[in-house]
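The values are calculated or read from the model by the stated rules, or taken from the named source; none is laboratory data. Because the structure is predicted, anything quoted here is derived from the model rather than measured. FYI the Cβ positions are ideal-geometry reconstructions off the backbone, even for glycines, and counts take in every protein chain you see. What goes into the accessible areas is simple: the full protein's heavy atoms, side chains included, and nothing from ligands, DNA or RNA. Shrake-Rupley method; radii C 1.70, N 1.55, O 1.52, S 1.80 Å.
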Amino acid sequence: MSIWWLILLVILIIIEFVTMALTTVWFAGGALVAAVAALLGGPIWLQITLFVLVSLALLFFTRPVAVKYFNKARVKTNVESLVGKQAIVISEIDNLEGIGQVTVGGQEWSARSLDDAVKLPVGAVVYIREINGVKLMVEEKQM
């Protein structure tokens, strides 16, 4: 029975190597423990139990730490990288009318004010504070 666990282990490692998504490596650890149990003559119920328990333990306890350290150099997407940047209002922003556009980095974006009561005139310099759907949520730069 240990041969099946070793085959599963190899398949899971290959999938992890190809995807590099930190998804199957946890189950590969479970398969390794199950293979050792099989080599030591453990019954099938013990092998399966060890596979499930070790896989889940690795998934829930080590994955958050691994994701934190392995995704450190993750490059933000275009939209994520806009938060905190300055933009210029090119079409008056009025949340009540549902209108407004800004330009940032040479691109035009729909925008809304963080404060519904504030209208932002054309030419105002604003900061992008968050993204809501496909709209940039902005607030006026204080002088």
Would you mind listing the strands (runs of 3 or more DSSP E) fully within segment 76-143 where at least 2 residues are of a type in the set (Gly, Ala, Ser) and buried (at least 17 other Cβ atoms within 10 Å of the Cβ)?
107-113
Within segment 7-50, the count of residues that are open to solvent by less than 50 Å² (accessible area, probe 1.4 Å), out of contact with any Lys or Arg (no Cβ under 7 Å at 6 or more places or on another chain) and not aliphatic (A, V, I, L, M) comes to 6
Could you list, in sequence order, all residues of segment 1-41 that are assigned to a helix (DSSP H, G or I) and at pLDDT below 90?
SER2, GLU16, PHE17, VAL18, THR19, VAL25, TRP26
From (1) within 22 Å of the chain's Cα centre (by Cα); (2) of a type outside the set (Asp, Glu); (3) modelled with pLDDT of 85 or more, pick out the condition that doesn't hold for ALA111.
(1)
List pairs: first residue in segment 42-70 and within 15 Å of LEU9 (Cβ to Cβ) and modelled with pLDDT of 85 or more, second residue outside any helix (DSSP H, G or I) and open to solvent by less than 50 Å² (accessible area, probe 1.4 Å) anywhere in the structure, Cβ distance under 9 angstrom, at least six positions apart or on different chains.
LEU50/GLY42
Against the definition (over 21 Å from the mean Cα position of the chain (by Cα), farther than 30 Å from GLN142 by Cα and either open to solvent by less than 70 Å² (accessible area, probe 1.4 Å) or aromatic (Phe, Trp, Tyr) (or both)), how does ALA66 come out, yes or no?
no
